[in-house]
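S.K.: This is the structure I have questions about; it appears just below.
Every number in this text was worked out from the coordinates using simple rules, so none of it is lab data. Here the structure is a predicted model, which is why all the values come from computation and not from measurement. Reconstructed Cβ throughout: ideal geometry from the backbone, glycine too, with neighbour counts over all protein chains shown.
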Amino acid sequence: MQRVSFEDQITKNKLKSVLLMTIVIAFFIVLGYVVAQLFDPSYFFIIMIISIIFSLGYTIFSYYNSDKIALASVNAKPASPTEHRMLFHATESMAISAGLPMPRLYVMNSSEINAFASGRDPKHAVICVTTGMLEKLNKQELEGVVAHEMSHIANFDIRFMTATAILIGMISIIAELFLRSLWFSNNDERGGRAQLVFLLVGIVLSILAPIAAQLVSLAISRKREYLADATGAKFTRYPQGLANALKKIKHEHVSKSEMHRFNRAVAPLCIANPFKKVSGLFATHPDINDRIRRLEQM
């Protein structure tokens with residue numbers, strides 16, 4: 001089996017994430033240009049201001065309170081240094097390896113093997129794990145999962161995905177305002193073939209751009225998971241630990257009652273989607289078999 005360097009995986013996934021973010025920005029610029037061609041520039045400026053205020057306001061509030069919102073949604077409790085000693089040891093080791101401050105640790109009551117990290121930067125980071133993870137994983141597997149979550153913190157993934165969410169929010173708001181404005185505009189005043197073409201392009205973009213941007217956002221989320229896997233392998237120097245943990249996640253049977261312990265808004269943060277049904281273009285996580293294969297090649 002051909003070996004793969006985790007450094008190469010890290011570099012490739014960072015570049016792909018930036019490329020995908022560039023595509024989202026391109027959607028925003030093209031949609032804005034088309035709307036500007038159809039309306040008075042001052043009207044477009046007002047639309048931009050409204051979209052920026054709403055998108056930034058909502059997303060920044062979520063960004064600065066992301067850890068509190070995520071922990072409250074799953075009813076997580078602070079981890080105990082005595083009861084959860086192995087978790088503290090694993091996290092301390094990975095924090096030293098990553099060169100990061102020790103994140104606050106939380107535990108949520110669920111038999112499912114899962115974990116997530118949140119917080120706007122390393123100084124405000126938290127890692128939450130399930131009781132099932134603490135019971136079912138051995139030392140190397142636990143370190144692999146913790147290293148993966150530390151990687152999200154080290155790579156500022158919350159900040160990266162927040163920037164993506166702001167752009168997608170602005171695209172959606174501009175598209176919605178443009179479509180609604182058509183009901184109140186005087187179509188007779190829009191003469192000329194060029195204006196008609198721009199109008200048709202604007203309508204198509206306003207319908208498709210938010211959907212396409214959301215799909216690109218999901219693709220970015222999948223690339224950040226690959227990046228966290230590779231960075232976690234760098235921290236532990238033992239990719240098989242995380243690979244074995246993912247194998248256990250893959251084969252475990254999770255009841256619907258256990259799935260409902262997770263809020264759907266938290267699902268993209270988890271090491272594996274707790275609902276396990278979404279795949280393909282609409283998935284927040286890559287195929288688990290592919291993740292295992294890549295880790296075992298490192």
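S.K.: Taking amide H atoms as placed 1.01 Å from N in the peptide plane, list the residues 5 or more away in sequence, or in a different chain, whose amide H sits under 5 Å from that of Y106.
M.R.: Amide H neighbours of Y106: A79, I127, C128, V129.
S.K.: Another question about this same structure. On a 0 to 90 degree scale, rounded to 10, what angle separates helix 139-154 from the longest Cα axis of the chain?
M.R.: The two axes meet at around 30 degrees.
S.K.: Which peptide among 264-273, 146-155, 112-121 comes first, and what is the full order, when sorted by highest mean count of other Cβ atoms within 10 Å?
M.R.: Per-residue Cβ counts within 10 Å, averaged per peptide and sorted highest first, yield 146-155, 112-121, 264-273.
S.K.: Count the net charge of all other residues whose Cβ sits under 15 Å from the Cβ of P81, scoring Lys and Arg as +1 and Asp and Glu as -1.
M.R.: +1
S.K.: Work through the residues other than I60 whose Cβ is under 12 Å from its Cβ and net out their charges, Lys, Arg +1 and Asp, Glu -1.
M.R.: Once positives and negatives cancel, what remains is +2.
S.K.: Let me ask you something else. Over the chain, what is the mean sequence separation of C-alpha contacts under 8 Å (at least six apart), divided by residue count, expressed as relative contact order in percent?
M.R.: Here the relative contact order equals 28 percent.
S.K.: Place a +1 charge on the Cβ of each Lys and Arg in the chain and a -1 charge on the Cβ of each Asp and Glu, then give the dipole magnitude about the Cα centre in debye, rounded to the nearest 20.
M.R.: It comes to approximately 460 debye.
S.K.: If you take all C-alpha pairs in the chain, what percent of them are over 26 Å apart?
M.R.: Summing the P(r) of the chain above 26 Å gives 49 percent of all pairs.
S.K.: Note the full-extension length gain between A26 and I96 as 0.36 nm times their separation in residues minus their Cα-Cα distance, in nm to one decimal.
M.R.: 21.3 nm
S.K.: What aspartates and glutamates does K14 reach when the alpha-carbon gap must be under 12 Å and sequence neighbours fewer than 8 apart in one chain are set aside?
M.R.: D157, E225
S.K.: Just from its helices, what would the mean residue ellipticity at 222 nm be for the chain, if runs of 4 or more DSSP H residues each count -39500 (n - 2.57) and the sum is divided by every residue, rounded to the nearest 500 deg cm²/dmol?
M.R.: Here the helix-only value at 222 nm equals -23000 deg cm²/dmol.
S.K.: Can you tell me how much longer the chain between I203 and F88 gets when fully stretched, taken as 0.36 nm per residue apart minus their C-alpha distance, in nm with one decimal?
M.R.: 36.0 nm
S.K.: Further question: Can you compute the label reach from K77? Point 7 Å from Cα along the Cβ direction, backbone N cut-off under 12 Å, restricted to region 86-122.
M.R.: The answer is 107-110.
S.K.: If you don't mind, there's one more thing I want to ask. What does a probe at N289 reach in region 215-247, counting residues whose amide N is under 19 Å from the point 7 Å along Cα→Cβ?
M.R.: In region 215-247, the label zone of N289 (backbone N under 19 Å from the point 7 Å along Cα→Cβ) covers 226, 243-247.
S.K.: Return the sequence-ordered ³J(HN,Hα) values of region 126-133 in whole Hz as given by the Karplus equation 6.51 cos²θ - 1.76 cosθ + 1.60 applied to θ = phi - 60°, using x for Gly and Pro.
M.R.: 9, 10, 10, 10, 8, 5, x, 5
S.K.: Share of Cα-Cα pairs in region 250-298 beyond 14 Å, in percent?
M.R.: Across region 250-298, Cα pairs with separations above 14 Å total 56 percent.
S.K.: On to the next question. Which of the GluC sites (Glu not before Pro) across region 194-298 are loop residues per DSSP, with 14 or fewer other Cβ within 10 Å?
M.R.: Here no GluC sites (Glu not before Pro) fit, given the DSSP loop and packing criteria.
S.K.: I would also like to ask the following. Structure shown: which of K16/K77; K12/K77; K16/K247 lie over 28 Å apart, alpha-carbon to alpha-carbon?
M.R.: Beyond 28 Å between Cα atoms: K16/K77; K12/K77.
S.K.: Nearest 10 degrees, 0 to 90: what angle lies between the long axis of helix 288-297 and the longest principal axis of the chain (Cα atoms)?
M.R.: Tilt relative to the chain: about 60 degrees.
S.K.: Pairing the Cα long axis of helix 85-98 with the longest principal axis of the chain, what angle in degrees results, from 0 to 90 and rounded to the nearest 10?
M.R.: With both axes taken from Cα atoms, the answer is about 60 degrees.
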